[in-house]
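Beneath this line is the structure, given in structure tokens, with notes to follow.
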Amino acid sequence: MGAAAPLRDVHRGLAPPSGGPARVALLSGHYLYYHYGCDGLDDRGWGCGYRTLQTLCSWPEGRPAGVPGLDAVQAALEAMGDKPPGFCGSQSWIGCVEASLCLDHFGGPVGRLCHVPRGAGLRGELERLYAHFSGGGGPVMVGGDADARSKALLGVCLGPDAQAYALILDPHYWGTPKSPSDLQAGGWVAWREVSTAFDPHSFYNLCLTSRSPEKPPPPLD
């Protein structure tokens, strides 16, 4: 599969999942959707954390400038001593801790780590996530151990009762998407019930992005 320009803001147009009154908070700014093979490199089975990191690096301008390639990420982690010699060129995974190091190294948005213990799920973090998104925050990287599939959260929807949904961007897509509507129809960006989208047997790490102090908000479209 050849390289293709990543699509921008692929969640636009999705309706909130709750039919009744609900509190909805979405990320501000713009981002690009990075996924398996989007640059021509076949990273299926190991690259989801790198692709989610690239999406985080593209925020808040939604431009590819400053987004590192997978080889640059591996070289940076090896150079800073986080990974041993020989990590470059491997098919080793990365998670939220490595992503936060790379955000700082490459001058991307600020990444703040949050650990969710095993068995707690994300339900206890919903108010934190709501405050993050409603306060101008960017995409949130999520990864765990039993649930090792990296993904990005773009928003939350909290219903009047126990209903709770997360807007999830899945980097495991393989192919060349023609439009955001194609991705939405395939469920690659979708509202998911928190109670079923996250494994209660897994711990989770979150990397919450916010604008660097020297970066002003992007102009409104």
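Quick one: helix 96-105 against the long Cα principal axis of the chain, what's the angle to the nearest 10°, folded into 0 to 90?
60 degrees
In the chain, what cysteines have no partner Cβ closer than 4.7 Å?
Lacking a cysteine Cβ partner under 4.7 Å: Cys38, Cys48, Cys57, Cys88, Cys102, Cys114, Cys157.
Considering only Gly186, Gly37, Gly135, give the residue with the highest GNM mean-square fluctuation for the chain, with springs between Cα atoms whenever their separation is below 10 Å.
So, out of Gly186, Gly37, Gly135, the one fluctuating most is Gly186.
If packing is taken as the mean number of other Cβ atoms within 10 Å per residue, what is the order of 68-79, 43-54, highest first?
Answer by packing, highest mean first, reads 43-54, 68-79.
Wrap a convex hull around the Cα atoms of the chain, take a quarter of its surface area, and give that in square nanometres.
The Cα convex hull of the chain, projected and averaged over all directions, gives 12.0 nm².
Can you tell me the 0 to 90 degree angle between the C-alpha axis of helix 70-79 and the longest principal axis of the chain, rounded to 10?
Between helix and principal axis, roughly 70 degrees.
Helix-derived [θ] at 222 nm for the chain: sum -39500 (n - 2.57) over DSSP H runs of at least 4, divide by residue count, nearest 500?
Helix contribution divided over all residues of the chain: -6000 deg cm²/dmol.
Share of region 79-200's accessible area from carbon and sulfur, percent, 1.4 Å?
Of all accessible area on region 79-200, carbon and sulfur atoms account for 52 percent.
How many nm is it between the label spots at His115 and Val97, if each spot is 7 Å from the Cα in line with the beta carbon?
So the label points at His115 and Val97 sit 0.8 nm apart.
Please give the per residue accessible area of the chain, computed with a probe of 1.4 Å over protein heavy atoms only, in Å².
44 Å²
How long is the gain from Arg149 to Ser90 if the chain were fully straight, where each residue apart is worth 0.36 nm and the alpha carbon distance is subtracted?
Extending this stretch completely gives an extra 19.4 nm.
Select from Ala25, Cys102, Pro60 the residue farthest towards the positive end of the dipole of region 6-155; place +1 on Cβ of Lys and Arg, -1 on Cβ of Asp and Glu, and compute about the Cα centre.
Ranked along the dipole, the leading option is Ala25.
Rounded to the nearest 10 degrees, what's the angle between the helix 48-58 long axis and the longest principal axis of the chain, both from Cα atoms, 0 to 90?
Between the helix axis and the principal axis of the chain, the angle is about 80 degrees.
Once phi is turned into ³J(HN,Hα) by the Karplus curve 6.51 cos²θ - 1.76 cosθ + 1.60 with θ = phi - 60°, what whole-Hz value does each residue of region 184-201 show in order, with x for glycine and proline?
5, 5, x, x, 6, 9, 6, 7, 10, 5, 4, 5, 10, 7, 10, 7, x, 8
With a point put 7 Å past each Cα toward its Cβ, work out how far Met80 is from His201 in nm, to one decimal.
That separation, rounded to one decimal, is 3.3 nm.
The values are calculated or read from the model by the stated rules, or taken from the named source; none is laboratory data. Please read these numbers as outputs of a predicted model, since none were measured by experiment. All Cβ positions, even for glycine, are placed from backbone atoms using ideal geometry, and neighbour counts span all protein chains on display. Side chains are part of the model used for accessible areas, which takes the heavy atoms of the whole protein and leaves out ligands, DNA and RNA. Shrake-Rupley method; radii C 1.70, N 1.55, O 1.52, S 1.80 Å.
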